[in-house]
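Asker: Below: one structure in structure tokens.
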Amino acid sequence: MSMPIRISDEAYKAAKKTAKLEHRSIQGQVEFWAKIGRCALDNPDLPIEMVKELLSTDWNDRSDATPFTFEQK
């Protein structure tokens, strides 16, 4: 089920521009940004670029995947 939401003009324009570049609908772009934000909040130790790449990748075969381990400096 989809629900209409209100967003600022600036957010809409940014989503429209990025959606075109990344071959998504505006709705899909806003949903993608929401997923990134949620994953980043749920996994604060992961770099944001890693979260973005994981969500952008369609992994079906995970046999070669290695778990992420956070190393303290």
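Asker: Which pairs have Cβ atoms under 7 Å, sit 6 or more apart or on different chains, and link a residue in the stretch 9-28 that is under 17 Å from Lys52 (Cβ atoms) to one that is in a helix (DSSP H, G or I) and polar (S, T, N, Q)?
Answerer: Ala15/Gln29; Thr18/Gln29; Ala19/Gln29; Glu22/Gln29
Asker: Now for a separate question. Spot the failing condition for Phe70; the list is (1) touching a residue at least 12 places away in the same chain (Cβ under 8 Å); (2) outside any loop (DSSP other than H, G, I, E, B); (3) loosely packed, with under 10 Cβ neighbours inside 10 Å, and only one is missed.
Answerer: (2)
Asker: Restricting the search to the stretch 17-30, which residues are in a helix (DSSP H, G or I) and either surrounded by 14 or more Cβ atoms within 10 Å (Cβ to Cβ) or in contact with a Cys (Cβ under 7 Å, 6 or more places away or on another chain) (or both)?
Answerer: Taking the stretch 17-30 and keeping what is in a helix (DSSP H, G or I), we get 17-21, 26-30.
Listed by number, the residues that qualify are Thr18, Ala19, Ile26, Gln29, Val30.
Asker: Where residues in the stretch 33-54 are part of a helix (DSSP H, G or I), of a type in the set (Asp, Glu) and at pLDDT 85 or above, which of them is nearest to Lys13 (Cα to Cα)?
Answerer: Start the filter on the stretch 33-54 by keeping residues that are part of a helix (DSSP H, G or I), which leaves 33-42, 48-54.
This time we only want the ones that are of a type in the set (Asp, Glu), so: 42, 49, 53.
Within this subset, residues satisfying the condition of being at pLDDT 85 or above are 42, 49.
Values: Asp42: 27, Glu49: 23 Å.
By that ranking, first place goes to Glu49.
The values are calculated or read from the model by the stated rules, or taken from the named source; none is laboratory data. In this text, all values refer to a predicted model and were calculated from it rather than measured experimentally. Note that each Cβ is placed from the backbone with ideal geometry, even for glycine, and that neighbours are counted across all protein chains shown.
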